[in-house]
Each structure stands twice: as C-alpha cells, then as structure tokens.
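Shown next, in structure tokens, is the structure this report addresses.
Quick note: the coordinates plus some simple rules give every number you see, no bench work behind them. Please read these numbers as outputs of a predicted model, since none were measured by experiment. Here Cβ is always computed from backbone atoms with ideal geometry, including for glycine, and neighbour counts include all displayed protein chains.
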Amino acid sequence: MAEKACKNCNRIVEDATECPVCKNNDLSDSWSGLVVIYDPEDSQIAEKIGINTPGKYAIRVK
C-alpha cells in the first residue's frame, strides 16, 4: 500500500486508515515534499510548522 498523508496534520502513514496522531481518517494520496522530525522539542522546523510528535510529515497535502 502506498504512503498517504493526513489532511489535518500532514502526518504520513503507511498501511493505515486512520492517522495515529490526530485520529483523522481523511487521508490523501496526493501530497508533496517530506520532512522527518526526530526531536520536535529542539527543532525549529517542527516549531514553525506546528509539529509536536516525531515522524514523517508531508509539506503539502491536497
């Protein structure tokens, strides 16, 4: 199964029908860009885009 991105929080998920972060089931196959956050507490990028949980996130989700 292809990776999908949550339309609510942009988290990229594999083999799931629900986002593990926000529990939203509105996932999209149409996304672009990728950022991986390991330590959201010390990441300026995570702070700027509002990420609090480590993981893979899409930059843009359609």
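What are the GluC sites (Glu not before Pro) within segment 1-60 that DSSP puts in a loop, where the Cβ has at most 14 other Cβ atoms within 10 Å? Those satisfying the criteria are GLU14, GLU18, GLU41.
A simple charge model with +1 on the Cβ of Lys and Arg, -1 on the Cβ of Asp and Glu and nothing else charged puts the dipole of segment 17-59 at about 80 debye relative to its Cα centre.
Calculated mean residue ellipticity at 222 nm for the chain: -2000 deg cm²/dmol, from DSSP H runs with n ≥ 4 weighted as -39500 (n - 2.57), summed, divided by the residue count and rounded to 500. Model label points for ASN52 and ASP39, set 7 angstrom from Cα along the Cα-to-Cβ axis, are 2.0 nm apart.
Just one of [x] 63; [y] 72; [z] 83 is volume of the Cα convex hull per residue in Å³ calculated from these coordinates, so which is it? Computed from the coordinates, volume of the Cα convex hull per residue in Å³ corresponds to [y].
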